[in-house]
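Taken together, the values in this text are just the output of simple stated rules run on the coordinates, not laboratory data. All figures in this text were calculated on a predicted structure; none of them were measured in a lab. Please note: Cβ atoms are built from the backbone with ideal geometry, for glycine as well, and neighbour counts cover all protein chains shown.
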Amino acid sequence: MKTLGERIRIGYKNGMFGRLFNRTDNGKGRTSTLVFAIMNSVLTILSGDIFYTGYLTLYNFDIHEIGFISTIPTITSIIGLLTPSILKKLKNPKLSLIIGRSLRFTLGILGITIAPMLITDKNTLMTVIVIITFVSNILSSLIEPCYTEWQANFLTQDVRADFFLVQGFASSLMAYPISMIVARILDSLSGSPEQLTVMIVCRFVSFALGIIGTLIVTLVPKYSGYRAQTKKIDIKNIIVAPFKYRPYLFTTLVYLIYLFANSIIGPTINTYILNVIEVPYSYPTAINATYFLFFIFFGKMYSRLVKKFGYFKVLAVLSFVQGFTYIAYAFVTKENYIWLMTTVRFSQHVIGVGTGIVSSSLVYENLPVVDRADYLMFRNISVQGVTLLAYALGNAIVAVVDKAGMTMSLFGIERMVYGTAICLALNGIIQVLLGCCMPLLTKLIDKYKIKDQKMLNVESELLGVDETHSSEQPNEQQIQENPEKQENAG
């Protein structure tokens with residue numbers, strides 16, 4: 001008869017966590033990636049999002065200046081084109097990635113924290129923050145595609161949805177309670193100089209987490225580098241590659257439409273809810289802090305739905321429903337935010353668990369093995385370009401509408417019309433339309449899968465790469481049955 005300890009070990013090994021975080025190289029890779037994701041979620045909340053908006057507001061930056069700073073990361077995306085050529089010249093790519101990401105955190109977090117302590121002139125400070133943000137995001141554009149491609153090797157098709165489910169839950173469980181505590185402290189210090197002091201301490205903590213997390217994530221047994229290339233990487237190849245396999249092109253298009261809708265509100269939403277709706281820090285933070293509970297109740301359900309119906313059908317339904325919540329969000333005011341914004345945000349939590357799993361997985365869906373770096377680079381540049389376009393549109397709408405000072409009658413009450421509210425409604429309309437058009441996009445993906453696969457097979461034979469199932473990666477069982485090929489599996 002087996003002891004309790006033995007039964008626990010067997011249960012763990014055969015369960016979801018045992019499949020995800022085992023002693024294989026892929027299991028170790030997922031473990032280190034999960035730890036970094038948790039640390040990254042904490043540092044992102046403490047040094048970004050609403051706390052970063054509040055930090056800049058305390059230095060008298062307005063909604064338009066903050067909106068401009070928010071667009072800088074997307075402007076630097078074109079630098080990512082240089083990643084492959086730079087990696088080829090590096091003798092130790094793994095060490096270079098560690099240094100690059102560490103420098104990114106040093107500039108992006110530590111630099112922006114120290115700059116206001118040394119510079120008192122507002123215009124000069126704005127210029128310095130723009131330069132620091134620009135340089136740190138150039139580093140991000142250079143190194144993040146490498147990490148994504150590296151991690152693709154151990155995020156295989158059969159464990160991907162479960163991994164992102166665990167990652168989302170664990171990140172929320174750690175990050176949001178911490179952010180709630182910080183938010184309560186900030187609200188209690190409202191109008192006091194100590195409020196800025198707390199924010200500065202949080203940014204130093206974020207910097208430390210970034211450096212430690214970077215070292216942990218690189219404990220993966222071996223840096224695999226880029227996959228085999230059919231030819232030398234150049235700009236033309238990056239642009240042309242996705243058209244060789246149109247299922248990936250249309251998969252990327254689905255994600256880009258969804259991203260565009262959500263990015264329209266990106267530059268100004270936090271400033272809007274803090275300064276216009278006038279909510280305290282603890283209110284949105286408290287709502288966000290409950291997110292991990294929704295992972296507990298709905299995460300496994302969405303994981304099963306994805307496995308049963310596929311990513312696109314699930315996203316179609318969720319996008320359609322979520323669109324109406326953003327339209328309702330546009331009507332939130334400081335008089336009704338307690339009930340309306342709460343209802344909207346909790347509804348989006350329920351939906352967001354599913355959209356988070358789907359959107360995180362779409363980067364690997366229909367991703368060929370041959371020229372994988374080109375496909376990922378195309379996606380990365382497209383994502384940044386669409387985000388920049390959405391940010392520019394959002395900033396333009398806010399600038400024009402807010403300057404016009406328009407009003408509208410709502411339930412017999414005259415109210416100001418704000419640009420961010422227009423962006424929220426536009427976001428909702430696009431998501432509803434995406435949900436309606438998803439069946440057409442899915443048909444196009446299925447149509448070209450067989451047709452384009454033949455061309456990939458020809459190129460694969462020339463390289464000696466098995467591209468028979470280019471859109472899927474080998475599963476964990478296949479990897480464990482071939483341990484001698486484990487380093488190259490995925």
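Evaluate E = 1/(1 + (r/R0)^6) for MET406 and LYS28, where r is the Cβ-Cβ distance and R0 equals 41 Å; express this FRET efficiency to the nearest 0.05. E between MET406 and LYS28, to the nearest 0.05, is 0.10.
Per residue, the average separation of C-alpha pairs within less than 8 Å and at least 6 apart gives region 21-474 a relative contact order of 26 percent. Restricting the trypsin sites (Lys or Arg not before Pro) of region 341-379 to loop positions (DSSP other than H, G, I, E, B) with no more than 10 neighbouring Cβ atoms within 10 Å leaves nothing. Extension gain for the segment ASN60 to VAL198, taken as residue separation times 0.36 nm less the Cα-Cα distance, is 47.9 nm to one decimal. In this simple spin-label approximation, LYS308 and ASN275 carry label points 7 Å from Cα along the Cα→Cβ vector, and these lie 4.7 nm apart.
Reported to the nearest whole Å, the Cα centre-to-centre distance from region 190-216 to region 292-311 is 33. Modelled spin-label separation between ILE114 and CYS437, with each label point placed 7 Å from Cα along the Cα-to-Cβ direction: 4.7 nm.
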